[in-house]
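> Here's a structure for you.
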There are 2 protein chains.
Amino acid sequence: MKLLQDKVLNEGIVLSDQVLKVDSFLNHQMDPVLMKEVGREFARLFEGEGITKVLTIESSGIAPAIMAALEFEVPMIFARKQKSLTLREDIYVEKVYSFTKQQSNDVTVSKKFLFPNDKVLIIDDFLAHGEAALGLAKIVEQAGAQVAGIGIVIEKSFQSGAQRIKDAGYRVESLVRVASLSEGKVSFVTEAVH
Amino acid sequence: MKLLQDKVLNEGIVLSDQVLKVDSFLNHQMDPVLMKEVGREFARLFEGEGITKVLTIESSGIAPAIMAALEFEVPMIFARKQKSLTLREDIYVEKVYSFTKQQSNDVTVSKKFLFPNDKVLIIDDFLAHGEAALGLAKIVEQAGAQVAGIGIVIEKSFQSGAQRIKDAGYRVESLVRVASLSEGKVSFVTEAVH
C-alpha cells in the first residue's frame with residue numbers, strides 16, 4: 001500500500017535494526033483518513049471470505065480494526081491484555097509473550113462474542129514474531145470458529161512472524177512489508193509483479 | 001442520541017446501581033456503524049469550534065475518537081495508561097484515579113503531538129467521576145493548548161463528573177445521559193425541550 005509506505009518513509013523513526021517507531025500515525029497519534037484507507041484495503045483483500053467478525057488486541061489494533069469492521073459492517077472485538085488472571089469460566093484466555101516488553105500477558109475474549117459459525121478476520125498493527133496474532137488465532141479456534149485470515153498494517157518481514165503464521169496454515173496479508181531496518185534506514189520487500 | 005439510548009436499553013447490563021456494562025457494543029465488542037454515527041454526532045455538536053486534534057485514552061475511547069477525528073479530518077491521539085513512570089522529559093503526565101479499579105494510573109501524551117495553537121476535543125466512552133476527562137484536560141493545558149470541549153458517549157449523570165467538568169469551565173456534551181441505575185433498570189435524563 002503506497003500511501004502507507006510513504007508514511008513509514010516520511011514519519012517512521014528507526015530506533016534500532018529491530019525497532020521501527022511510528023507513533024505519529026499508528027501507535028499514539030493516529031491519522032484517521034489513513035486508517036479509513038487501511039480499513040478499505042483490508043476489506044478489498046479479504047472480500048468474499050464471508051467475514052462475520054473482526055478481532056484485534058488493545059490498543060493500537062483498535063483503529064485499523066474498527067475501520068475494517070465498518071467496511072464489512074460486522075462487529076469488531078478487541079481482546080484485553082492483562083497481567084495474569086485467575087481462571088474464569090466466561091472468557092477465552094491465551095498467554096502471549098511480548099519480545100519488546102519481555103513479559104507475558106494474558107489475552108482475553110469474552111465467550112459471549114465468538115461462535116462456531118463465525119469467520120474471523122484478525123487485525124493487528126505490527127507483525128514481528130507473530131505472538132499476538134497466533135494467540136488471537138488460538139482464541140478463535142477455542143471458540144470453534146474459523147480464522148478467515150490475518151491482516152497486518154506493518155510487517156517486519158525480517159522477523160519470524162509471517163512465516164510462523166503461514167506454517168500454522170493461515171492466510172496473512174500485510175499492507176507494508178519491511179525487509180530491513182539496518183543502517184538506520186527502512187527498506188521494503190520488493191514484490192514480484194505478476 | 002436515540003440510536004445509542006436504544007442500544008443501552010436493549011444490550012446494557014445493570015451490574016449494580018453504580019455500574020452499567022455495555023461490552024456488546026462499546027467496551028469489548030464494538031458496533032462500527034454505531035461508532036461512525038457517534039463520530040458524526042460529536043462532529044455536529046462541536047462544529048465551528050475549530051478543532052485541530054482529538055484526544056482520548058486507551059482503550060475504549062479509541063473507536064469513538066477515531067470516528068470523530070475522521071469527520072473533522074484532524075489527527076487523533078490516544079493517551080497511554082501506565083502503572084507508574086520514572087520522570088521523563090518528552091511526555092506530559094497526569095495521575096488519574098479509577099474508582100472502578102481503585103487504583104491510580106499515569107496517563108501520558110508525547111510532547112511531540114500537542115502544541116499551543118491546538119484546539120483539542122477530548123473524547124471518552126464513559127463519564128463517571130470525571131477523573132479521566134479532567135486528567136486529559138490538564139495535559140492539554142500543560143501543552144499550552146485549548147480544550148475546545150469534552151465529548152462523552154455515556155454519562156452517568158448521578159455521579160459527579162459532568163458537574164466537575166462544568167465547574168472547571170469546560171463544555172461537556174454527552175450522547176446519552178443515564179439518570180439512574182437503581183432497581184436494575186436504566187433510566188435516562190429527560191431533557192427539557194427548548
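The values are calculated or read from the model by the stated rules, or taken from the named source; none is laboratory data. Because the structure is a prediction, the values reported are computed rather than measured. Cβ coordinates were reconstructed from backbone atoms using ideal geometry, including for glycine residues, and neighbour counts include every protein chain displayed. Side chains are part of the model used for accessible areas, which takes the heavy atoms of the whole protein and leaves out ligands, DNA and RNA. Shrake-Rupley method; radii C 1.70, N 1.55, O 1.52, S 1.80 Å.
> Given 37 °C and 0.692 mPa s, how large is the Stokes-Einstein diffusion coefficient of the protein assembly as shown in µm²/s, with Rh as the Kirkwood radius over Cα pairs?
Translational diffusion coefficient: 153 µm²/s.
> Summing -39500 (n - 2.57) over the DSSP H runs of n ≥ 4 in chain A and dividing by its residue number, what mean residue ellipticity at 222 nm do you reach, to the nearest 500 deg cm²/dmol?
Numbers: 5 runs with 54 residues, N = 194.
Helix-only estimate at 222 nm: -8500 deg cm²/dmol.
> At A:LEU15, with labels set 7 Å past Cα in the Cβ direction, how many nm apart are the copies from this one, shortest first?
For A:LEU15, the inter-copy label distances come out at 3.2 nm.
> Could you work out the relative contact order of the range B:2-188, using alpha carbon pairs under 8 angstrom and six or more residues apart, expressed as a whole percent?
Once divided by the residue count of the range B:2-188, the mean separation gives 20 percent.
> I would also like to ask the following. Which trypsin sites (Lys or Arg not before Pro) in the range B:61-91 pass both tests, a DSSP loop state and at most 12 other beta-carbon atoms within 10 Å?
Sites meeting the loop and neighbour criteria: B:LYS83, B:ARG88.
> Extension gain A:LEU85-A:SER98, at 0.36 nm per residue separation less the Cα-Cα distance, in nm?
Values: separation 13, 0.36 × 13 = 4.68 nm, distance 1.69 nm.
So the extension gain works out to 3.0 nm.
> Taking the solvent-accessible surface of protein heavy atoms with a 1.4 Å probe, what is the per residue accessible area of the range B:128-170 in Å²?
So the range B:128-170 comes to 34 Å² accessible per residue, rounded to a whole number.
> Measure off, as a whole percent, the carbon and sulfur share of the 1.4 Å-probe accessible area of the range B:2-188, all protein chains present. The partial results should precede the final answer.
Working: 3680 of 7930 Å².
Its accessible area is 46 percent carbon and sulfur atoms.
> Now for a different question. Taking a quarter of the surface of the Cα convex hull of the range A:2-188, what do you get in nm²? Don't skip to the end; give the middle numbers.
On the way: hull surface 39.8 nm².
Its Cα hull, projected and averaged over all orientations, spans 10.0 nm².
> Which of the pairs B:LYS53/B:LYS166; B:LYS53/B:LYS101; B:LYS7/B:LYS185; B:LYS36/B:LYS101; A:LYS81/A:LYS111; B:LYS83/B:LYS112 have their Cα atoms more than 25 Å apart in this structure?
Over 25 Å apart, Cα to Cα: B:LYS53/B:LYS101; B:LYS36/B:LYS101.
> Could you list the chymotrypsin sites (Phe, Trp or Tyr not before Pro) in the range A:54-100 that lie in coil according to DSSP, counting only those with at most 14 other Cβ atoms within 10 Å of their Cβ?
Those that pass, being in a loop and sparsely packed, are A:PHE99.
> Continuing with this model, one more query. Between chains A and B, what is the buried accessible area in Å², counting both sides, with a 1.4 Å probe and ligands, DNA and RNA left out, to the nearest 100?
Values: alone 10080 and 10070 Å², together 17390 Å².
For chain A against chain B, roughly 2800 Å² becomes buried.
> Here's something else I'd like to know. Compute the label-point distances linking B:LYS83 to its equivalents in the other copies; points lie 7 Å from Cα along Cα→Cβ; give nm, one decimal, shortest first.
0.5
> While we're on this one: Can you give me the distance in nm between label points at B:GLU173 and A:SER187, each placed 7 Å from the Cα along the Cα-to-Cβ direction?
Taking the two extended label points, one gets 5.0 nm.
> A further question on this structure: Going by amide H atoms built from the backbone, whose H comes under 5 Å of the H on A:HIS129, apart from near neighbours?
Close amide H contacts, sequence-distant or interchain: A:GLY161.
> Where nothing but the Cβ of Lys and Arg (+1) and of Asp and Glu (-1) is charged, how large is the charge dipole of the range A:15-91 around its Cα centre, in debye to the nearest 20?
280
> Moving to a separate point now. Residue farthest toward the positive end of the dipole of the range B:2-188, with Cβ of Lys/Arg at +1 and Asp/Glu at -1: which of B:ASN27, B:HIS129, B:SER104?
Toward the positive end, the furthest listed residue is B:SER104.
> Related question: Need one number for the range A:18-87: average projected area of the convex hull over its C-alpha atoms, nm². Don't jump to the answer; show the numbers that get you there.
Values: hull surface 26.2 nm².
Here the figure is 6.6 nm², rounded to one decimal.
> Considering amide H positions built from the backbone, and no H for Pro or chain starts, which residues 5 or more places from B:SER180, or on another chain, come under 5 Å of its amide H?
For B:SER180, the qualifying residues are B:SER187.
> Here's something else I'd like to know. Between the label point of B:HIS129 and that of the same position in each other copy, find the distances and list them shortest first in nm, with every label point placed 7 Å from Cα along the Cα-to-C-beta direction.
Values, ascending and in nm: 3.9.
> Now for a separate question. Give me the inter-chain shielding for A:58-68: mean count of other chain Cβ atoms within 10 Å, whole number please.
6
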